[in-house]
Amino acid sequence: MARLTCGSVVAALLLSGSALAAPENVRRAVNPVVASTTNYGSLVEPGMTRDSCTSTLWTTNTVLWVCRDTQPVSNNVATLPVIPNTASFSGLPTARTNPRPLTLTSPPFGSLFYPLEADECPVNGQCSDGTRWVGWPDTAPAVTFIGSSGTNAYAFLRKQHLSGLAMVNKPSTTLYHVISQGSGSSALPSANVAVSGFWSSTQVGYGVAGSVVRNGFAYLYGPTPNGKLALARAAQTGFLGSLEDKSLYEYYVNGAWTRTAPASTDSTIPLPNTSSVQGQFYWSNKWQAYVWIGGDGFPNANFLISTAPNPEGPWTAAKTFFSGPVGTGALPAYSAVAHPSLTDGTGNYIFLTYTKTSLDRNGNTLYEQPLFRVDWQ
């Protein structure tokens with residue numbers, strides 16, 4: 001599938017649709033209880049193995065997936081090269097009464113979705129000293145506009161330089177613009193750097209850890225040094241809900257909204273009962289509450305849930321509601337991700353994936369993405 005360029009489609013998006021909004025939230029205590037779980041097998045990704053996949057609803061019946069490290073697979077053996085991130089489309093899952101594996105449709109192997117920047121090592125971030133730059137998304141793009149002529153979104157990625165899995169830099173955060181034209185197009189969106197260093201290395205990487213677009217704002221969560229989350233919001237008054245103008249931003253500091261961006265070390269910005277472990281935020285119509293679903297880290301597939309009446313909280317203490325089978329690789333399971341994009345929007349159920357690893361006959365890691373549906377009481 002071919003990519004579209006940003007410049008050719010921005011104006012066309014104005015033909016229909018509007019910046020996303022939703023009704024006012026209400027304050028209500030929520031205690032999620034699982035009614036049933038359904039196993040849909042693993043995502044079908046022909047000819048490749050992919051790590052840590054996130055998703056967002058791109059059109060009415062089309063879901064955009066973006067995954068981390070991707071490798072070709074031949075005869076069940078992972079081969080080179082390693083692409084730092086790739087994208088796919090899928091449809092929606094089958095009904096709970098007829099669960100079938102969900103197939104992701106991808107362009108020819110080798111297509112990097114979020115491009116690396118000029119000062120990162122070519123090719124694909126691999127440096128001659130054995131280190132690498134990675135364009136790893138922690139969450140799905142924040143969709144700010146959907147219309148019959150296309151979709152507009154933004155993604156925040158930390159500019160990470162790794163030795164093995166150890167960080168060797170203090171990363172800044174890059175803002176990417178993700179855009180496509182036509183609700184029926186089979187072409188993947190175009191993703192381009194909008195602003196390099198949008199958040200400096202001394203600021204919170206707002207948007208890296210998740211987002212919710214609602215009530216005229218894009219609420220953007222970012223990790224703090226103490227392993228919790230901080231919150232910013234951008235008014236959706238710009239062109240197609242643009243997130244590129246910092247004058248539209250406010251920051252939740254010491255229990256109030258302010259126009260002044262805090263340092264990441266500000267002790268008044270971490271939100272109680274939050275965690276910077278990879279997860280997903282969304283609004284639940286069923287509970288009339290904001291929801292975070294994520295994991296508790298290596299090496300398991302435990303899923304935790306926390307809810308709040310407002311984006312800033314108060315967030316309930318996260319509790320485990322589902323645990324999936326782990327793999328046999330060195331890191332058996334991780335990257336617990338929720339997928340509201342795969343649901344009908346009622347909030348009556350949620351889909352989950354995580355990364356489950358094994359080793360091929362040459363000792364290379366193979367990634368698998370099990371898909372489960374959880375229905376709530």
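The values are calculated or read from the model by the stated rules, or taken from the named source; none is laboratory data. Computed from a predicted model, the values in this text were never measured in an experiment. All Cβ positions, glycine included, derive from the backbone under ideal geometry; neighbour counts span all protein chains shown.
General remarks:
- Residue list for segment 253-293, filter: assigned to a strand (DSSP E or B) and under 16 Å from Pro225 (Cα atoms): Val253, Ala263
- The sole residue among Val77, Val73 that is farther than 18 Å from Phe372 by Cα, surrounded by fewer than 16 Cβ atoms within 10 Å (Cβ to Cβ) and modelled with pLDDT of 95 or more is Val77.
- Residue within segment 150-157 that is over 24 Å from Thr62 (Cα atoms) and in a strand (DSSP E or B) present: no
- Scanning segment 302-345 for residues that are under 22 Å from Leu220 (Cβ atoms) and aromatic (Phe, Trp, Tyr) yields one hit, Trp315.
- Matching residues in segment 342-360 - criterion: being out of contact with any helix residue (DSSP H, G or I) (no Cβ under 7 Å at 6 or more places or on another chain), in contact (Cβ under 8 Å) with a residue 60 or more places away in the chain and part of a strand (DSSP E or B): Tyr349, Thr353, Thr355, Lys356
- Of residues in segment 238-252 being free of Cβ contacts under 8 Å to residues at least 40 places away in the same chain and in a loop (DSSP other than H, G, I, E, B), the one nearest to Thr151 (Cα to Cα): Gly238
- Some residue of segment 92-100 being modelled with pLDDT of 95 or more, surrounded by 14 or more Cβ atoms within 10 Å (Cβ to Cβ), over 29 Å from Asn169 (Cβ atoms) and touching a Gly at 6+ places or on another chain (Cβ under 9 Å): yes
Each row is one residue, and each column tells you yes or no for (1) under 23 Å from the mean Cα position of the chain (by Cα); (2) under 28 Å from Gly345 (Cα atoms); (3) surrounded by fewer than 16 Cβ atoms within 10 Å (Cβ to Cβ).
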| site | (1), (2), (3) |
| --- | --- |
| Gln203 | yes, no, no |
| Gly207 | yes, yes, no |
| Thr224 | yes, no, no |
| Tyr249 | yes, yes, no |
| Val253 | no, no, no |
| Thr268 | no, no, yes |
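- For Glu312, the conditions (1) surrounded by 16 or more Cβ atoms within 10 Å (Cβ to Cβ); (2) closer than 24 Å to Val195 by Cα; (3) of a type in the set (Asp, Glu) are fulfilled apart from (2).
- Condition check for Phe298: assigned to a loop (DSSP other than H, G, I, E, B) and touching a Phe, Trp or Tyr at 6+ places or on another chain (Cβ under 8 Å): yes
- Contact map, segment 73-93: residues that are without any contact (Cβ under 8 Å) to a residue 40 or more places away in the chain paired with residues that are among the basic types (Lys, Arg) and crowded, with 16+ Cβ neighbours inside 10 Å, Cβ distance under 9 Å, separation 6+ or inter-chain. Pairs shown: Thr86/Arg50; Thr86/Arg68.
- When the residues of segment 101-114 are filtered to those that are surrounded by fewer than 20 Cβ atoms within 10 Å (Cβ to Cβ) and in a loop (DSSP other than H, G, I, E, B), the one that is modelled with the highest pLDDT is Pro101.
- Hits in segment 52-70 (condition: free of Cβ contacts under 8 Å to residues at least 40 places away in the same chain, crowded, with 22+ Cβ neighbours inside 10 Å and of a type in the set (S, T, N, Q)): Thr70
- Some residue of segment 125-146 being surrounded by fewer than 16 Cβ atoms within 10 Å (Cβ to Cβ), farther than 23 Å from Tyr221 by Cα and in contact (Cβ under 8 Å) with a residue 60 or more places away in the chain: no
- Tyr176 being in contact (Cβ under 8 Å) with a residue 60 or more places away in the chain and within 22 Å of Ser284 (Cα to Cα): no
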